[in-house]
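All remarks here apply to the structure that follows.
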Amino acid sequence: MYRVLLLLLLLWGNNAYSQTKTIEKNATEKDKMKLYPNPAKTYTNIYVDWETARSFSITIYDIAYATQLSEWKIPVRKSYQYSLDVSKLPDGKYVISVISDKRSLSDTLTVMH
């Protein structure tokens, strides 16, 4: 029984689902961003849930913030989900940043083909 529980805990801790690692600029505990699967091979889902509906933008940077790879603006919504094709991105780490007028969330995405 304990071995099964330990195995489940290890698998759960190493799952392909990422919760927000960085909460910035006035974000509340109810503001959430999830990336899954993470690490990603061909795609990842970006899920954003705000405490209250708002417009925002999603930007993807390389890990050094040297290159902005993509940005798109989202009209007023409380929650949003997008499937991002990462098949053409080179292996590495990327920062997904979600920014509204008063709040921002970010997380690191790992691409491994």
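The values are calculated or read from the model by the stated rules, or taken from the named source; none is laboratory data. Quick caveat, the model's predicted, so the values are computed rather than measured. In this analysis, Cβ positions are derived from the backbone assuming ideal geometry, glycine residues included, and neighbour counts consider all displayed protein chains.
The table below lists the values:
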{"read-out": "Test for Glu24: is it within 15 Å of Ser106 (Cβ to Cβ) and at pLDDT below 85", "value": "yes"}
{"read-out": "Flag if Val95 is buried (at least 17 other Cβ atoms within 10 Å of the Cβ), within 12 Å of Asp107 (Cβ to Cβ) and of a type in the set (Val, Ile, Thr)", "value": "yes"}
{"read-out": "Count of region 98-113 residues which are under 16 Å from the mean Cα position of the chain (by Cα) and surrounded by fewer than 13 Cβ atoms within 10 Å (Cβ to Cβ)", "value": "1"}
{"read-out": "Only one of Ile63, Ile74, Ile58 that is modelled with pLDDT under 90 and aliphatic (A, V, I, L, M)", "value": "Ile63"}
{"read-out": "Long-range neighbours under 8 Å by Cβ, at least six apart or interchain, first residue in contact (Cβ under 8 Å) with a residue 40 or more places away in the chain and within 22 Å of Pro37 (Cα to Cα) within region 99-111, second outside any strand (DSSP E or B) and small (Gly, Ala, Ser)", "value": "Ser104/Ala27; Leu105/Ala27"}
